[in-house]
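Just so you know, all these numbers are worked out from the coordinates, no wet-lab data involved. No experiment lies behind these values; they were computed from the predicted model shown. Cβ placement follows ideal geometry from the backbone for every residue including glycine, while neighbour counts extend to all protein chains displayed.
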Amino acid sequence: MNSIDDNLKRVRERIAIAAEESGRSHEEIHLVAVTKTVAVEAIQEAISCGVTVIGENRVQEALAKYPHVKGSISWHLVGHLQRNKVKKALQIFDLIHSLDSFRLAEEISRRSQELKRQTDVLVQVNTSGEDSKFGMAPHEAIPFLESLATLEGIRALGLMTIGTFSPDPERVRPCFIKLRGIFEQAKGLQIPNVEMRFLSMGMTNDFPEAIREGANMVRIGTAIFRG
């Protein structure tokens with residue numbers, strides 16, 4: 001099995017190539033190393049190789065790892081968030097990628113105000129239309145972003161999607177193009193509490209395609225930790 005260092009080098013090379021093909025620098029692409037089911041020792045190795053952002057899918061798993069992971073890193077929640085887990089999630093995560101309902105936004109707002117903090121989120125959009133995926137329908141995204149203007153303690157910094165799982169780039173690309181369109185539209189509206197900084201799309205199977213279609217944040221686990 002390849003080392004984590006070797007895997008990271010390959011991932012970064014592929015990021016750089018895709019970024020260049022889209023007319024950008026690799027420095028514009030934020031890498032989130034997804035550590036679902038990854039042992040603390042492997043996470044530490046990745047951090048020693050330059051990883052600065054780790055992404056966890058589940059709050060409980062993150063809580064178990066958090067005290068043992070050392071280093072100046074940022075924690076992102078990349079999996080679905082239930083309302084009853086918000087209080088614990090806010091103890092750990094710097095960015096939540098999976099805001100997908102107003103009720104969840106209200107709970108994040110309430111808990112954030114209790115803690116006298118601002119919580120940064122990405123709005124998850126279901127661009128594939130698959131029932132198995134979380135996220136709101138594309139046509140709901142802009143009205144939802146506008147609704148966040150009424151809440152305190154929460155700030156949307158962009159959008160997230162999970163593309164159709166397929167080895168064929170032509171099947172996945174429309175998901176990324178759709179989210180990029182919503183992102184650009186929202187950016188032009190100047191909605192209070194909304195700053196379109198991050199377009200989080202692309203995972204191990206499709207991140208080069210996502211970058212070519214405008215992603216500036218990719219969530220990669222398998223290609224780093226399993227090679």
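Under the condition of being part of a loop (DSSP other than H, G, I, E, B), more than 14 Å from the chain's Cα centre (by Cα) and surrounded by fewer than 23 Cβ atoms within 10 Å (Cβ to Cβ), the residues counted in the stretch 178-213 number 7. Inspect the stretch 111-121 for any residue being within 19 Å of the chain's Cα centre (by Cα), crowded, with 16+ Cβ neighbours inside 10 Å and over 17 Å from ARG197 (Cβ atoms) and give the result as yes or no. No, every residue in the stretch 111-121 fails to be within 19 Å of the chain's Cα centre (by Cα), crowded, with 16+ Cβ neighbours inside 10 Å and over 17 Å from ARG197 (Cβ atoms).
Please work out which residue is farthest from ILE54 (Cα to Cα), limiting yourself to the stretch 96-124 and to residues that are touching a Ser or Thr at 6+ places or on another chain (Cβ under 7 Å) and of a type outside the set (Val, Ile, Thr). Restricting to residues being touching a Ser or Thr at 6+ places or on another chain (Cβ under 7 Å) and of a type outside the set (Val, Ile, Thr), the top hit is PHE102.
Spot the failing condition for ALA42; the list is (1) in contact (Cβ under 8 Å) with a residue 60 or more places away in the chain; (2) surrounded by fewer than 21 Cβ atoms within 10 Å (Cβ to Cβ); (3) in contact with a His (Cβ under 6 Å, 6 or more places away or on another chain), and only one is missed. For ALA42, the failing item is (3). Pick from the stretch 4-39 the residues that are part of a helix (DSSP H, G or I) and of a type in the set (A, V, I, L, M): which of them is surrounded by the fewest Cβ atoms within 10 Å (Cβ to Cβ)? Only one residue fits best here, namely ILE17. Pairs meeting the criteria (first residue in the stretch 124-139 and touching a residue at least 24 places away in the same chain (Cβ under 8 Å) and β-branched (Val, Ile, Thr), second residue part of a loop (DSSP other than H, G, I, E, B) and surrounded by fewer than 17 Cβ atoms within 10 Å (Cβ to Cβ), beta carbons under 8 Å, at least 6 apart or on different chains) are VAL125/ALA137.
Taking THR119 as the residue in question, decide whether it is more than 25 Å from VAL34 (Cβ to Cβ) and hydroxyl-bearing (Ser, Thr, Tyr). Judged against the criteria, THR119 is not a match.
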